[in-house]
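The values are calculated or read from the model by the stated rules, or taken from the named source; none is laboratory data. Predicted model only: the values in this text are computed from it and were never measured. Cβ sites come from the backbone with ideal geometry, for glycine too, and all protein chains shown count toward neighbours.
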DNA sequence: GTCTATATCTGGATAGAC
DNA sequence: GTCTATCCAGATATAGAC
């Protein structure tokens, strides 16, 4: 590694070039993906020269990897504390729904970006620790033993909950065109969505 | 239009070049999208020369449009007859689930292809007639008046049903990596999925 | 560290022989 | 209709002055 690590943060007032590049790269890559993004576009947005991108990150591939690893870890909300809480499976799922939808409302490009990248090269995902499902499943079986939830396939169920959270953001353009609604309408829809999903979750899980 | 229309179908035994190109283009574009696809790759797969692609379809854009329009119309299952049937809303939704999942099992690349294309250029979707939602909603309100279904937001509900059908195919790589399952395991999961979703649908809709 | 200029390569598109 | 050869724009990457 011959990459410089930002070492002049305390001396200068202005934001370091490295940070500016990372911010610009994030914006461009998230909106357009790897193939659709141009180094020139990133340079323009960062207000610097194309050559600087290579000076700091060597290649488009390396810059992209840096962005992806950072964003992928944000794709699912943090649920460690959630799992440790002394609440029922149903309640955990309800809180998860709220966390995930709020996260996606703030990062609407995240799902398509992550899915496309993994689809093209699933080596990316192999490096990531992803124990979300199994953590949830444990909690489910505890409550099943206590007869607090209906007997079903937890994998299918959790897949369904995630689907209901994530898919609307992926299909937004089709949805808005097909039923002719505006961006504001969509936002209200997503604002009401956690409550709606939570009703479904309770209807499905109640024994 | 100076494009030749395949006129030698009845004389020759061999498949016309136009058909071969379309088949190859479909495969490549579906797997890699517009940006990720190369004209050379399509030519190789069709077993012909790159120049022929331009002879028949003039440009990459036009060839892509041709493929997209054909595939987009397949993205949602045909539901006209379904709507005309004298069955309840709940039953219609259940049949829809089965139709859509079977369709996607046969065309697993379709969702990502359609979503990416529309995301890049939503002019594509504007040309398409998409009255799936409103047809379903009408049926819902009929049954609501007869007290046969619970009172809820039909748009949110239908969005949820579609999410549960489509999203697993989009997230397959992440899912398989994260819980460490094989392609066969995924296929069994999708084989069982319609029954599982139909259980959820009944639990949510039953008053 | 930052710039300009340039090298190099890739990929879509065309010309022209057959 | 089909091919080979080639053109040319656009994009990544590097060289070298400051």
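Some observations on this one:
- Selected residue (criterion: nearest to DNA strand C (Cβ to nearest atom)) from residues of the stretch B:37-62 that are within 14 Å of chain A (Cβ to nearest Cβ) and assigned to a loop (DSSP other than H, G, I, E, B): B:38
- Selected residue [buried (at least 19 other Cβ atoms within 10 Å of the Cβ) and in the same structural domain as residue A:114 (by TED's automatic domain parsing)] from A:182, A:171: A:171
- Looking at B:71, B:78, just one residue is away from DNA strand D (no atom under 16 Å from the Cβ) and either farther than 28 Å from residue B:140 by Cβ or assigned to a helix (DSSP H, G or I) (or both), and that residue is B:71.
- Within the stretch A:146-161, residues that are in the same structural domain as residue A:133 (by TED's automatic domain parsing) sit with their Cβ atoms under 7 Å from residues that are assigned to a loop (DSSP other than H, G, I, E, B), at 6+ positions apart or across chains, in these pairs: A:147/A:207; A:148/A:88; A:149/A:207; A:150/A:206; A:150/A:207.
- So residue B:74, is it closer than 30 Å to residue A:117 by Cβ, surrounded by fewer than 17 Cβ atoms within 10 Å (Cβ to Cβ) and out of contact with any strand residue (DSSP E or B) (no Cβ under 6 Å at 6 or more places or on another chain): yes
- Of B:197, B:204, B:179, all but one fail to be modelled with pLDDT under 95 and at the interface with another protein chain (Cβ under 9 Å from one of its Cβ atoms); the exception is B:179.
- Filtered residues of the stretch B:18-36 (kept if touching a helix residue (DSSP H, G or I) at 6+ places or on another chain (Cβ under 6 Å) and either within 15 Å of DNA strand D (Cβ to nearest atom) or within 14 Å of another protein chain (Cβ to nearest Cβ) (or both)): B:18, B:20, B:21, B:24, B:25, B:28, B:29, B:30, B:33, B:34, B:35, B:36
- For the stretch A:105-133, a residue qualifies if it is surrounded by fewer than 20 Cβ atoms within 10 Å (Cβ to Cβ), at the interface with chain B (Cβ under 7 Å from one of its Cβ atoms) and free of Cβ contacts under 8 Å to residues at least 12 places away in the same chain, and the qualifying residues are A:122, A:126.
- Here residue B:189 clears all of (1) without any contact (Cβ under 8 Å) to a residue 40 or more places away in the chain; (2) within 18 Å of residue B:74 (Cα to Cα); (3) in a helix (DSSP H, G or I) except the condition numbered (2).
- Of the residues making up the stretch B:136-151, one or more are more than 18 Å from the chain's Cα centre (by Cα), facing chain A (nearest Cβ under 9 Å) and outside any helix (DSSP H, G or I).
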